[in-house]
1. Over the Cα atoms, compute the radius of gyration (one decimal) and Dmax (the largest Cα-Cα distance, rounded to a whole number) for the chain, in Å.
2. Looking at the range 1-81, which trypsin sites (Lys or Arg not before Pro) are DSSP coil and have at most 11 other C-beta atoms within 10 Å of their C-beta?
3. I'd like the FRET efficiency for Arg90 and Phe125, computed as 1/(1 + (r/R0)^6) with the beta carbon distance as r and R0 of 22 Å, rounded to 0.05.
4. How large is ³J(HN,Hα) for each residue in the range 130-139, as worked out from phi by the Karplus curve 6.51 cos²θ - 1.76 cosθ + 1.60 (θ = phi - 60°), to whole Hz, x for Gly and Pro?
5. For the chain, what does the accessible surface come to per residue with a 1.4 Å probe? Please give it in Å².
6. If you average 1/r over all unlike Cα pairs in the range 1-51 and invert the result, what Kirkwood radius do you get in angstrom?
7. What length, rounded to one decimal in nm, is gained on full extension from Glu101 through to Lys61, with 0.36 nm per residue of separation minus their alpha-carbon distance?
8. Please report the antiparallel percentage of the DSSP beta bridges confined to the chain, to the nearest 5.
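The values are calculated or read from the model by the stated rules, or taken from the named source; none is laboratory data. Small disclaimer: the values here were computed from a predicted structure and weren't measured. Here the Cβ positions follow ideal geometry from the backbone for every residue, glycine too, while neighbour counts run over all protein chains shown. Please note that ligands, DNA and RNA were not included when accessible areas were found on the heavy atoms of the full protein model with its side chains. Shrake-Rupley method; radii C 1.70, N 1.55, O 1.52, S 1.80 Å.
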Amino acid sequence: MKGVIQRVSRAEVRVQGEVVGRIGRGLLVLIGIEKGDGARELDWFSDKVIHMRIFEDSAGKMNRSALETSAEILVVSQFTLVGDLSRGRRPGFERAAPPEEAEPLYRAFVERLQQGPLRIATGRFREFMEVELVNDGPVTLILESRP
């Protein structure tokens, strides 16, 4: 799994002009699922998102997690994160899991987050989405379950 994690003041995702997911202060998680991803990657990735310390403490140091700050989380599937640009100028998506494999993992990731106390919103899998965000900081991190 690969992800781009953005700390945001607010974010929303629209499908055909309709807002389908919206959060206030929290994390926008863009997630791409690769061939071979499974339960181990899912466990690792969901734990990292909830517990990584990227929110400031009282001293202004990034030392608090989404869980500790009651952050909201917006999850958006984005297979282009696993695109390969090492050859030519057009991305190749050979490493991306096919939709029938990726969708159950995406849904399991969302369900795992929803089991906790945080408010979780989502985009729509396999839809063309418009994502709007106000990056807080800006803080943007890349998260990969495989080195």
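1. 15.1, 48
2. Sparse-neighbourhood loop trypsin sites (Lys or Arg not before Pro): Lys61.
3. So the FRET efficiency works out to roughly 0.40.
4. 3J(HN,Hα) across the range 130-139, in whole Hz: 9, 10, 10, 8, 10, 6, 9, x, x, 10.
5. Per residue, the chain has 57 Å² of solvent-accessible surface.
6. Radius from the Kirkwood sum: 12.4 Å.
7. Gain in length upon complete extension: 10.5 nm.
8. Counting only bridges with both partners in the chain, antiparallel ones make up about 75 percent.
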